[in-house]
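Participant: The structure that follows is given in the form of structure tokens.
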Amino acid sequence: MSLIKEKNENTKDYILQKDKTTKRTGGFIAVVLIVLITAVVASGYIFKWF
């Protein structure tokens, strides 16, 4: 089983595909993780945990 499907391959035995939905979802998850990490660091400074 391969990880990323190329456009010219017809099988569905892949985890990720190179299409708009996968790229947008990956970008959204990255942005959410960055926001969460920033919030944790900011709250650490506000409550003087660091």
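The values are calculated or read from the model by the stated rules, or taken from the named source; none is laboratory data. Quick caveat: nothing in here was measured; it's all calculated off a predicted structure. In this analysis, Cβ positions are derived from the backbone assuming ideal geometry, glycine residues included, and neighbour counts consider all displayed protein chains.
Participant: Six or more apart or on different chains, Cβ atoms under 9 Å: show the pairs whose first residue is in region 17-28 and part of a helix (DSSP H, G or I) and whose second is surrounded by 11 or more Cβ atoms within 10 Å (Cβ to Cβ).
Facilitator: Listed pairs, sorted by first residue: 22/4; 22/16; 26/16.
Participant: Then there's this: Could you please tell me which pairs satisfy a Cβ distance under 7 Å, a separation of 6+ or placement on different chains, a first residue in region 37-50 that is free of Cβ contacts under 8 Å to residues at least 60 places away in the same chain, and a second residue that is part of a helix (DSSP H, G or I)?
Facilitator: 50/44
Participant: Can you name every residue in region 28-50 that is over 18 Å from the mean Cα position of the chain (by Cα) and among the aromatic types (Phe, Trp, Tyr)?
Facilitator: Once the filter is applied, which keeps residues that are over 18 Å from the mean Cα position of the chain (by Cα) and among the aromatic types (Phe, Trp, Tyr), region 28-50 yields 45, 47, 49, 50.
Participant: Can you tell me which residue is modelled with the highest pLDDT among those in region 1-16 that are exposed (fewer than 10 other Cβ atoms within 10 Å of the Cβ) and in a loop (DSSP other than H, G, I, E, B)?
Facilitator: My answer is 8.
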